[in-house]
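Accompanying notes for the structure given below.
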2 protein chains.
Amino acid sequence: MINVFTVEPANQQRLLELLVTATETSVRHVRGFMSAALHRSLDGTKVAMYAQWRSVEDYQAMRENPGPLPYMQQALALAEFEPGMHEVVETFSASHGDT
Amino acid sequence: MINVFTVEPANQQRLLELLVTATETSVRHVRGFMSAALHRSLDGTKVAMYAQWRSVEDYQAMRENPGPLPYMQQALALAEFEPGMHEVVETFSASHGDT
């Protein structure tokens with residue numbers, strides 16, 4: 001899932017804190033959750049959650065789970081939400097040892 | 001970078017192939033590139049590249065590098081492009097051993 005939230009820059013930090021709390025206390029304990037990374041856009045207008053789930057069904061079950069639901073409702077009060085369900089086509093690593 | 005391309009579903013596969021070629025032959029050899037994952041949206045309308053770069057400056061230098069440029073021009077002929085520069089706020093892993 002690549003979920004992008006569009007926010008007023010004044011609300012970006014609050015939305016980030018909400019999503020950290022939601023993921024730590026609830027989402028990461030749900031069956032099928034594998035890993036996630038939360039991002040702030042440098043221009044202040046977006047928050048992006050890149051999350052790996054075992055299956056589409058596991059993700060959909062989470063969206064109906066009463067644990068994460070109140071957090072999602074709070075997030076939607078702060079931001080526009082564009083969810084995106086994807087599958088990984090290919091991964092790439094650097095060709096050099098440069099770090 | 002979370003770069004999302006919006007495409008006609010008929011062009012999704014062609015865009016994916018183009019981005020695989022661009023990344024394999026050019027982008028992953030550029031200084032500052034760390035890793036990337038290429039995704040197709042299940043609805044056919046998006047392609048998303050999630051890439052880690054060492055710095056904003058390294059990414060910007062790549063965008064002006066003559067190696068990747070022709071691929072980017074071909075991609076833009078096929079799709080609308082929305083680039084997004086982000087920093088990672090936090091990462092999360094599953095709380096369970098469920099695989």
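Just so it is clear, none of the values below were taken in a lab; they were calculated from the coordinates. All of these numbers come straight from a predicted model, not from anything done at the bench. Every residue, glycine as well, gets a Cβ built from its backbone with ideal geometry; the counts of neighbours run over all protein chains shown.
Some points to look at:
- Ascending distances from the A:P83 label point to its copies in the other chains, with the point 7 Å along the Cα-to-beta-carbon line: 3.0 nm.
- Relative to the Cα centre, the charge distribution of the stretch A:11-99, modelled as +1 at Lys and Arg Cβ and -1 at Asp and Glu Cβ, gives a dipole magnitude of about 260 debye.
- For B:H29, the point set 7 Å out from Cα toward Cβ sits 5.0 nm from its twins in the other copies, listed from shortest up.
- Within chain B, the whole DSSP H helices whose Cα atoms reach 24 Å or more along their own axis and whose mean Kyte-Doolittle score is at least -0.5 are B:9-25.
- The stretch B:3-46 - percent relative contact order, Cα under 8 Å, separation 6 or more: 66 percent
- FRET E, pair A:A61, A:S93, Förster distance 30 Å, beta-carbon r, rounded to 0.05: 0.40
- Placing a label point 7 Å from Cα along the Cα-to-Cβ axis, B:Q60 is separated from the same position in the other copies by 4.4 nm, shortest listed first.
- Between B:M34 and B:A77, the simple label model (points 7 Å from Cα in the Cβ direction) yields a spacing of 3.4 nm.
- Distance between the C-alpha centres of the stretch B:29-93 and the stretch A:68-91: 20 Å, rounded to the whole angstrom.
- Gaussian network model of chain B, springs between alpha carbon atoms under 10 Å - residue of B:Q60, B:Q52, B:Q13 with greatest fluctuation: B:Q60
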